[in-house]
Amino acid sequence: TTLVKSLFRETDKFIDKEVVLNGWVRKIRDQKNFGFIELNDGTFFKGVQVVFDQNLPNFADVAALSISSSIQVVGKVVKSQGAGQSFEVMASKVDIVQKADLEYPLQNKRHSFEFLREIAHLRPRTNTFSAVFRVRSVLAYAIHKFFQDQGFVYVTTPIITGSDAEGAGEMFRVTTLKLDKPPRSADGKIDNSQDFFGKETNLTVSGQLNGETFCAAFRNIYTFGPTFRAENSNTSRHAAEFWMIEPEIAFADLSADMELGEAMIKSIIKYVMAECPEEMEFFNQFVEKGLFDKLNNVLNSEFGRVTYTEAIDILKKTSKKFEYAVEWGMDLQSEHERYLAEEHFKKPVFVTDYPKGIKAFYMKMNEDGKTVRAMDLLAPGIGEIIGGSQREDNLEILESRMREIGLHPEEYSFYTDLRRYGSFPHAGFGLGFERMLMYITGMTNIRDVIPFPRTPKNALF
Ligand code: 4AD
Ligand code: MG
């Protein structure tokens, strides 16, 4: 059979030829003696127009087809007079594979994203979600390509782990369910015998610590996998289950880390714009007006760079009123991040050298003893899209930082060993895959860029 994508991309090759198409009825309308089907076969953003008439022995059945019915069409590709498309398929045969139930929930009208979230199994069949999830796939490939082209080694890191990479404590516990025993005993205590081999484990919040061990062997590596955070923030930018890309580079400092992040973001935007022109055009027209201007601005600008201390000054000097008062040492709230990216810099901006108190234990201490070599990339409309740092490579300082926040260095010997056996300056970052996808598509809710989002309200299938 012929793929609809080939029909669109190499139309001339098919004119006046017979093709066989498999697909689903996206739209159908019929006059008395003829009708049109928009057939979508999943290979292309658009469907192909199929014209049928009374020469079909089953004309009446075809004319009565319901939306989403599966069919096979045999027909000739002809140049089309109609506006909007350059060709159509004149059907000589339409086999009905299955007539869809008339209750099909996606009739031809606009549905709200909220409604579509409740039918996550059907929403990939709509224009918007078809575009989102194809771009998601191409974006994932673009990221692998960016790193592989430069010789980075892809490392898969564990999902079940005993360590807490971020020290944030917002983790999902892993327990074994034994059918004859409830997870808690009568006095309310958690039964540890049901943990993973008797050890406390959780779903990973980040693959970074494992990634660093491979960095010490392969120099430049990246991870790309699912991560889990039990954070209660019910925002449009936080998910309990999301994907993260975490490169780690050896013999590199914070500025090399930022250069890598900037090059990566530009490269993957370029790739998606080139490979998904129809989907991107759709987003630009219907999802975020001015999306192309925004993305071209990102491609053509140099990202801003500002220290946390300078950023605090900028925030203090503006006449803008914030809900949270600005003072040195505070974590930047989303209103502050938005002001910096959207109103002050008007492009993505790296904020660096945060106070150690609001950042993870593994970040390299600056000479001032107060700040660490951290960087967050803030993007207009999204906020934090990347979080990264140069890592503490001094064993004594690292161990004392761990103790300060209540971690036991003995339990992290796999990590501290890297500072015993050939320590080296290194840095890395985490890119939130869904936040990047939101940025590229203009979609504004993280639940609408994850195929099956994990939220309490949605069915967990
Ligand atoms: O800033 P974070 O917490 O950094 C780390 O996990 C480091 N271990 C990364 C590293 O240096 N290797 O998370 C990195 C990024 C954030 O910038 C954000 O884009 C995304 O992950 N992220 C989330 N995305 C969706 N939902 C959530 N709950 C997220 N939490 C973080
Ligand atoms: Mg962060």
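Count neighbours as other Cβ atoms within 10 Å of each site's Cβ, and list the trypsin sites (Lys or Arg not before Pro) in region 378-452 that are DSSP loop with at most 15 such neighbours.
Details: sites: 391, 401, 403, 419, 420, 435, 447; in loops: 420.
For trypsin sites (Lys or Arg not before Pro) across region 378-452 that sit outside H, G, I, E and B with at most 15 neighbouring Cβ atoms in 10 Å, the list reads 420.
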request  = Determine how large the accessible area of residue 353 is when every protein chain is in place; take a 1.4 Å probe and give Å² rounded to the nearest 10.
outcome  = 40
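What order do 175, 126 take when sorted by accessible area (1.4 Å probe), most exposed first? Write down the numbers at each step before the final one.
Numbers: 175 60, 126 25 Å².
The ranking, largest first, comes out as 175, 126.
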remark   = Of every hundred units of 1.4 Å-probe accessible area on region 254-396, the number belonging to carbon and sulfur atoms, as a percent, is 46
key: Calculated on alpha-carbon atoms, Rg and Dmax of the chain in Å   = 26.7, 84
task = Calculate, for the chain, the solvent-accessible area per residue in square angstrom, rolling a 1.4 angstrom probe over the heavy atoms of the protein chains.
result = 49
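Suppose only helical runs count, i.e. DSSP H with n ≥ 4. What mean residue ellipticity at 222 nm does that imply for the chain under -39500 (n - 2.57) per run, divided by all residues and rounded to the nearest 500 deg cm²/dmol? Provide the component values of the computation, followed by the final result.
On the way: 14 runs with 130 residues, N = 461.
One gets -8000 deg cm²/dmol as the mean residue ellipticity at 222 nm.
So for 86, 319, what's the accessible-area order with a 1.4 Å probe, most first?
Working: 86 70, 319 100 Å².
Most to least solvent-accessible, the answer reads 319, 86.
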task = Can you tell me how much longer the chain between residue 170 and residue 358 gets when fully stretched, taken as 0.36 nm per residue apart minus their C-alpha distance, in nm with one decimal?
result = 66.2 nm
Derived scalar couplings ³J(HN,Hα) [region 253-267; Karplus, 6.51 cos²θ - 1.76 cosθ + 1.60; whole Hz; x for Gly, Pro] = 10, 5, 6, 4, 4, 5, 4, 4, x, 5, 5, 4, 4, 5, 5
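Restricting attention to region 260-309, which GluC sites (Glu not before Pro) occupy a DSSP loop and are surrounded by at most 10 other Cβ atoms within 10 Å? Write out the running numbers ahead of the final one.
Numbers: sites: 262, 275, 278, 279, 281, 288, 302; in loops: 288, 302.
Those that pass, being in a loop and sparsely packed, are 302.
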query = Just how far, in whole angstrom, is region 365-403 from region 111-130 if you go by their alpha carbon centroids?
reply = 39
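Given R₀ = 41 Å, what would the calculated FRET efficiency be for residue 420 paired with residue 330, taking r from the Cβ atoms and rounding to 0.05? Mind dumping the intermediate values first?
Numbers: r = 36 Å, r/R0 = 0.87.
Here the calculated transfer efficiency is 0.70.
When the solvent-accessible surface of protein heavy atoms is calculated with a 1.4 angstrom probe, in what order do 153, 19 fall, highest first? Write down the numbers at each step before the final one.
Values: 153 45, 19 5 Å².
Heavy-atom accessible area, descending, gives 153, 19.
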note = For residue 27 the rounded accessible area (nearest 10 Å², probe 1.4 Å, non-protein molecules ignored) is 100
Solvent-accessible surface (1.4 angstrom probe) belonging to residue 145, in square angstrom, nearest 10 = 80
query = Roughly speaking, what % of Cα-Cα pairs in region 302-461 are separated by over 29 Å, rounded to a whole number?
reply = 32
ask   = Using the alpha-carbon atoms, what tilt in degrees (0 to 90, nearest 10) does helix 308-317 show relative to the longest principal axis of the chain?
value = 80
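The values are calculated or read from the model by the stated rules, or taken from the named source; none is laboratory data. Only a predicted model underlies this, so the values are computations on that prediction, with no experimental measurement involved. As a convention, Cβ positions derive from the backbone with ideal geometry for all residues, glycine included, and neighbour counts pool all protein chains shown. Only protein heavy atoms, including side chains, enter the accessible area calculation; ligands, DNA and RNA are left aside. Shrake-Rupley method; radii C 1.70, N 1.55, O 1.52, S 1.80 Å.
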